[in-house]
Structure formats: C-alpha cells, structure tokens
Number of protein chains: 2
Amino acid sequence: MENTIQLTVDAVVFGYEAGNISVLLVKRKYEPYQNAWALPGGFVLENENLEQAIERELSEETGVKINYLEQLYTFGDLARDPRGRVVSVAYFGLVKPNAFQLQASTDAELAEWFHIDTLPKLAFDHKKIFKMALERLQAKITYEPIGFELLDKKFPFSDLEKVYTTLLRREIDRRNFKKKMMSLKVLDELDEKISIGRGRPASLFSFNQQRYFQLKKEGIIFEI
Amino acid sequence: MENTIQLTVDAVVFGYEAGNISVLLVKRKYEPYQNAWALPGGFVLENENLEQAIERELSEETGVKINYLEQLYTFGDLARDPRGRVVSVAYFGLVKPNAFQLQASTDAELAEWFHIDTLPKLAFDHKKIFKMALERLQAKITYEPIGFELLDKKFPFSDLEKVYTTLLRREIDRRNFKKKMMSLKVLDELDEKISIGRGRPASLFSFNQQRYFQLKKEGIIFEI
DNA sequence: CTATATTTGCGTAAATTGTACGCATAATAT
DNA sequence: ATATTATGCGTACAATTTACGCAAATATAG
C-alpha cells in the first residue's frame, strides 16, 4: 500500500499586551497561497514527535519561544490543501509578554502579531483552526489556570482581570473576581508593589503551580 | 522529500447495559501484537476523511453502528508502533443499547465488549488512549448532554441516573439529580410508563435535541 | 387479603455560593 | 490643598446546591 497522506502541524499562538490579545502569523514564501498570511507550521519530520515539530517550526519561522502548548484538533478534510491529501495536527500556545517581541533574526520569515479581531485573510482552512483555538482558549481560562501563562511571572491583579474581560468579552466585577480567584488558593501575594501612572499602587501576585498540582491531585478543581 | 509517516485512526467505543459501562475491542489477526486485544481502527485511505475511516473500520471489524462520535486526541510518539512511524488520530464514540449486540457477521473479526474495569492487556499505546477517552467521557457528561446517547430513545430517569453514578463512580442524590436535570429543560416527560420488577412504575423521558440546540444558541449551557 | 419491601415522585429547610455595590486607602494630576 | 483614579476590603441580598422527609404505586411474602 503506497502512502500518500502527508502530515503537518500548525500552531495558533496567542499573546497578550496592554489589553489586547494577538495571534502570531507568518507570510507564506511559496505556493500554494504564496504571500498570504498563515498559521506557523509545516511538515512533520520522521524523527521528531508532534510537539517537537511545532517547536521547530515556530523557532524557524518566527523565533518565538512558547510558554504553554496544548493539542487542539486534527484537521483531515479531503480538500483542505491543494497540494494533495494533507492532514494537520493543530496546537494552541500561549506566550508571555517578554517573548512577544519578534526579532527579525537569522532566516526567520516574515512573522507578525495580529489583533484577534482584525486578522487578514488566512491560507488553507486556517481561519477555521484559529476560530476553534480562540473558542478553546475562552472556554479553558474558566476551568484551568492558564490565564497566567499570558502574563509575566509577577503581575498585578488588574492585569489578570483584564485578560479575562478581554477574552471573555464581558465585564467582571473586580471585587468578586478577586475574591473568587483568591479562594482557589493558587495565587501568592508578594511583598512587592507596582505603581503605574496614578492610582493606588498594586500588590504583585504570582501563580503557584506547585500548589495547583497539589490541589488538583486532591480533586479540587479550578473554576472561575 | 519522501514521506514515511503513516496515518491511522482508532476508536474507543463505549456502551452501557444494566449498570455496566463497556468498551469495544477487537482481537488482532496479524503482526504486530497478533492475537492481542486492541482498539478497532486502521490506516486512513487517501479518499476518505477521518470520520469516514473510523466508520469504515468499525463496520469492517465489528459491525457496530456508532451513535455519537467525537475526536479525542492525536498520538504521535516516535516509538508507539513497531512497524515504523505511525501517527494515530483517536476518536471516542457511544452506542445505544440496541447496537450493543455483536453479530458475528460476514468478515467481521473477533470483536468483544469488555467491562471498563476489567480490560485485557492492550496492543500499542491503546491503554493510554482508552484512559484518556474514559476521562474525557467522565468529564463531558457533566457539561454536555451526551449521557442520553448511551440509552434508548425513551428511558426511565433511574437509567440516566445510573449512567451518571456508574461513570462518575460516586453516589448522586436521586431527587436533586432529577431536579437539576429537569431544570435544564432538555428532557421531555412522555405519557408512557414502564414497570420493571417491583416498585412504582417509572415515567419515560426522552432527550429533546432540538430544544438543546436552541438553548445552546441562546448561550444557556448544560451543566450537572 | 394484609403487611412489608421497593422504587418513583414531590417538597422544604439549611448551607453554600454568587452578585451587587458602598466606602476607605494610596497614589498622581490640577 | 483638592480632585481624580485605581486598589483593597467588607457586607447585605439573591440564587443555587445539598440534605433529607414523606407520600404514591407497584411486587412479594405470609
């Protein structure tokens, strides 16, 4: 039996900065869809697993180092790629603000961050993949502590709140949100404070992953 | 670039009968893992999509017709198959009791239902796939109305409750469970009653999928 | 035929969780 | 000094969840 099905990976990488959620795209250098924007990704090599393929492609095409990576869905429709039968395993990833800057490095292709509400036309079925990734992210921040993965290690509470209101596209009562989040026992309040512009300086918090795993093992679930 | 990655699909099919959750396995006819039990599945053909591949393999190997099918995860570790690099897209499925009987039909291989607590040793990484599927099913019945897919179209409330207590492995207060379930407005109480053994005869209920989709569109979510 | 066991169906009180919002505090801007 | 802004803390009320009592409708045992 001759095997003519090809396997690729694609990554939907989200970043957060100053109240905006962005996604990382690359401009295609070759046909098909030459010069169109697309999700970073490419063919899986025989001697690497799927996560390694994602990390290699991201490194080659964008130079971005991912902070959180999770498999999203596998797209296998017959006509999704004009080159023939190509099945793609999609992942979604999150990066911290410091990884946000794109160095126009080495042989990095043209990569850019786009606000999730103003994406350009995308190659292949990548629009559909992006849409599913965004829905997954929106759902997931309510039942897994992954919102922190978009922020620096130390962050003021208002930043976390902003990530939630931006992603969920609805207002959240600041005081109730903090009470709920603190009751989950996975945030440590640090001694440090930060003062940005005017207003009372904010305490910095950090996510205690060890405590989270501990609580998860005990069957206590994160839920906002 | 020569492509040597092969693509398969595997299905974790669950069935329910008389308080027991079972999973469908087939005995392998050829090497590798000859005569070992495995999840039904096989290579994806070039002219079929992934769901079609699942349905074809299930039909060929077991004759079982699936009632609910959902993609689970794609397994791509380097050494998961001794034949070489084989990536497998796993699905999980549910069947209704009437599809439970296995006809030793045509060229159906040896297929059998196994209680989920007493599975035999499985080929490849199928134990890992099964484990993930069970966890997904357990989680999913609490936030999507898929428990009904394991029951006949008409069912007494006690059957639904049994599906939940069996899968979640914990007692649920019968009265509160019914109140909660009815408050979701997706079950219709029929005029019919059923009497099994002694005790008061039970009303039959049916899942109103149309109403569910309606409510979902309005943003109302199913949650037990 | 009567008493008992069993399963379903309905309701209510208490405990827990969620929501709305008032007000003090600590900084900057005028 | 005073206004403005963002953070931090608390409290009353509403909604939901949980625990559990009891009646109704059947089968079974004596």
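A few points about this structure:
- For residue B:14, the criteria (1) aromatic (Phe, Trp, Tyr); (2) surrounded by fewer than 18 Cβ atoms within 10 Å (Cβ to Cβ); (3) under 22 Å from the mean Cα position of the chain (by Cα); (4) within 18 Å of residue B:122 (Cα to Cα) hold in every case but one, which is (2).
- Just one of the listed residues (B:98, B:176) is more than 13 Å from the chain's Cα centre (by Cα) and farther than 23 Å from residue B:223 by Cβ, and it is B:98.
- The set of residues in region B:150-176 that are charged (D, E, K, R), more than 14 Å from every other protein chain (Cβ to nearest Cβ), more than 9 Å from DNA strand C (Cβ to nearest atom) and out of contact with any strand residue (DSSP E or B) (no Cβ under 7 Å at 6 or more places or on another chain) comprises B:152, B:171.
- Check on residue B:21, of a type in the set (Val, Ile, Thr) and more than 14 Å from every other protein chain (Cβ to nearest Cβ): yes
- Taken as a whole, region A:130-137 holds at least one residue that is farther than 28 Å from residue A:214 by Cα, among the basic types (Lys, Arg) and out of contact with any Leu (no Cβ under 9 Å at 6 or more places or on another chain).
- Residue list for region A:202-218, restricted to those being surrounded by 11 or more Cβ atoms within 10 Å (Cβ to Cβ) and within 18 Å of residue A:151 (Cα to Cα): A:202, A:203, A:204, A:205, A:206, A:207, A:208, A:209, A:212
- Boolean, residue A:17 is outside the structural domain of residue A:160 (by TED's automatic domain parsing) and touching a strand residue (DSSP E or B) at 6+ places or on another chain (Cβ under 9 Å): yes
- The set of residues in region A:28-44 being more than 14 Å from chain B (Cβ to nearest Cβ), over 19 Å from the mean Cα position of the chain (by Cα) and in contact (Cβ under 8 Å) with a residue 24 or more places away in the chain consists of A:28, A:29, A:32, A:33, A:36.
- Only one of the numbered conditions (1) surrounded by fewer than 15 Cβ atoms within 10 Å (Cβ to Cβ); (2) of a type outside the set (Val, Ile, Thr); (3) at pLDDT 95 or above is violated by residue B:107, and that is (3).
- Candidates A:98, A:67, A:47 - the one that is polar (S, T, N, Q), away from chain B (no Cβ under 14 Å) and exposed (fewer than 15 other Cβ atoms within 10 Å of the Cβ): A:98
- Any hit, region A:77-86, residues being surrounded by fewer than 15 Cβ atoms within 10 Å (Cβ to Cβ), more than 14 Å from chain B (Cβ to nearest Cβ), within 22 Å of residue A:121 (Cα to Cα) and of a type outside the set (D, E, K, R): yes
- For residue B:127, the criteria (1) over 14 Å from the mean Cα position of the chain (by Cα); (2) surrounded by 15 or more Cβ atoms within 10 Å (Cβ to Cβ) hold in every case but one, which is (2).
- Selection count where residues are under 11 Å from residue B:154 (Cβ atoms) and not charged (D, E, K, R), scope region B:188-201: 2
- Of the helices (runs of 4 or more DSSP H) lying entirely inside region A:111-224, those containing at least 3 residues that are within 12 Å of DNA strand D (Cβ to nearest atom) are A:157-168, A:174-183.
The values are calculated or read from the model by the stated rules, or taken from the named source; none is laboratory data. Note that the coordinates shown come from a computational prediction; the quantities given were computed from them, not determined experimentally. Cβ coordinates were reconstructed from backbone atoms using ideal geometry, including for glycine residues, and neighbour counts include every protein chain displayed.
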